[in-house]
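The block underneath contains the structure these notes are about, expressed in structure tokens.
The values are calculated or read from the model by the stated rules, or taken from the named source; none is laboratory data. Values in this document were obtained by computation on a predicted structure and should not be read as measured data. Every residue, glycine among them, receives a Cβ derived from its backbone with ideal geometry; neighbour counts consider all protein chains shown.
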Amino acid sequence: MGPRAGRALLLLLGALGVWTTAAQGRARPHALRYLFMGASEPDLGLPLFEALGYVDDQLFVSYDHESRRAEPRAPWAWGQAAGPLWLLLSQSLKGWDHMFTVDFWTIMDNLNHSKATKVGVPPESHTLQVTLGCWVLEDNSTRGFWKYGYDGEDHLEFCPETLTWTAAVPEARGTKLEWEVSKIRARQNRAFLERDCPEQLQRLLALGAGLLGRRGPPSVTVTRHVASAVTTLQCRALNFHSRNITVRWLKDGQPLGAQDVEADVLPNGDGTYQGRAAVPVSPGEERRYTCQAEHPGLEQPLAATWEPAMPGPLVIGVISGVAIGVIVVVTGILFRVLRKRQASRAALGDYVLADCQ
């Protein structure tokens, strides 16, 4: 994966993280959002178009240009009740697949990035990222968002109130002006954000009733990994509902900076999540570190430390007990064999097997 692909992926994941923080800060109970990403050339290892759909923080659908099918990614999204909705989703995502390609080439044209390169020189590849969706607040009011990123940088944002686009960089002004000429497209965008998206979200919430919004707490464990001269403590939070989790490392009770910790949160595919946070430590100082997890399902932060393996004397005691048991069994077998041999000799008299000459 090239540098542009890396920046594009980080932007897309960053949009997910920023959205989660904003939603919490403004008490938005439910949200539906779609993340689109694609590359103009296949050399970056990215698809021409890929879509992921989330209800709150749970992935429920995926789509790619090759299959042209909406695939359910959450247990509650399967079944007969979801059939009509999946037909609608599949058609919508096919339309967005086409729209994404058209918008991609429009942006590239306005940036002079679609021109042919010199003969023998491979074409330069670019990436486009789109995040769009809506929030439904506690008073049933809604708010929508629709943003474009190009080559890993913010590019354009749609304003449904004014039916205009905001250019994040000067290079985006050409596309902004071109898109604002078509008022039909702008009204369609606003209709999706203010009507279609909230209605779709309510149907998805009904399908996932009892599963979405669960706040099952995590279980937290700490393990130690030694490779060459590097010792790492890894904290894992497992099987929790609601992606909103904070896992941090403390040294002597003081939080470590984010730059010192490698962390991520990933879906398990069954509606639960797992989180990981790793920190390098000096050998012999493992007990100075504590992993702390905060989650909506926990009444108070959960702390865990690395515990050494079973103490030496206890291990020796276990091994000794096993060894004694083996000796007793072997001794019993030998005793029975000797008794059989003695009985055989008594029956044969003084007969002795002759040595081979």
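From Leu16, Leu89, Leu46, Leu11, grab the single residue that is crowded, with 19+ Cβ neighbours inside 10 Å, closer than 14 Å to Gly149 by Cα, modelled with pLDDT under 95 and not acidic (Asp, Glu).
Leu11
For the stretch 221-231, give me each residue that is among the polar types (S, T, N, Q) and modelled with pLDDT of 85 or more.
Within the stretch 221-231, Thr221, Thr223, Thr231 meet the criteria.
Could you tell me how many of the residues in the stretch 262-304 are under 21 Å from Tyr54 (Cα atoms) and surrounded by fewer than 18 Cβ atoms within 10 Å (Cβ to Cβ)?
10
State all residues of the stretch 227-256 that are touching a residue at least 24 places away in the same chain (Cβ under 8 Å), outside any loop (DSSP other than H, G, I, E, B) and more than 15 Å from Ala277 (Cβ to Cβ); if no residue qualifies, say none.
Scanning the stretch 227-256 gives Val230, Thr231, Asn239.
Please find, among Leu212, Leu201, Leu205, the residue that is modelled with pLDDT under 95, outside any helix (DSSP H, G or I) and surrounded by 12 or more Cβ atoms within 10 Å (Cβ to Cβ).
It is Leu212.
From Pro283, Pro296, Pro308, grab the single residue that is more than 19 Å from the chain's Cα centre (by Cα) and either touching a residue at least 24 places away in the same chain (Cβ under 8 Å) or assigned to a helix (DSSP H, G or I) (or both).
Just a single option satisfies the conditions, and that option is Pro283.
When the residues of the stretch 232-250 are narrowed to those that are closer than 14 Å to Pro296 by Cα and among the polar types (S, T, N, Q), which ends up modelled with the highest pLDDT?
Checked the stretch 232-250; the qualifying residue modelled with the highest pLDDT is Thr246.
Does Lys183 satisfy being in contact (Cβ under 8 Å) with a residue 40 or more places away in the chain and either of a type in the set (D, E, K, R) or out of contact with any Asp or Glu (no Cβ under 7 Å at 6 or more places or on another chain) (or both)?
So Lys183 fails the test.
Within the stretch 71-103, can you find the residues that are in contact (Cβ under 8 Å) with a residue 40 or more places away in the chain, more than 15 Å from Leu35 (Cβ to Cβ) and of a type in the set (Phe, Trp, Tyr)?
Across the stretch 71-103, the qualifying residue is only Trp76.
Determine which member of the set Pro170, Pro218 is at pLDDT 95 or above and either more than 30 Å from Phe49 (Cβ to Cβ) or loosely packed, with under 14 Cβ neighbours inside 10 Å (or both).
Pro170
Out of all the residues in the stretch 142-198, which are aliphatic (A, V, I, L, M) and touching a helix residue (DSSP H, G or I) at 6+ places or on another chain (Cβ under 6 Å)?
Across the stretch 142-198, the qualifying residues are Leu156, Leu163, Ala167.
Out of (1) on the phi > 0 side of the Ramachandran plot; (2) loosely packed, with under 15 Cβ neighbours inside 10 Å, what's the single condition that is false for Thr162?
Checking Thr162 against (1) on the phi > 0 side of the Ramachandran plot; (2) loosely packed, with under 15 Cβ neighbours inside 10 Å, the one that fails is (1).
Which one is nearest to Leu156 (Cα to Cα), of the residues in the stretch 46-70 that are of a type in the set (S, T, N, Q) and free of Cβ contacts under 8 Å to residues at least 60 places away in the same chain?
Once the filter is applied, the top-ranked residue is Ser62.
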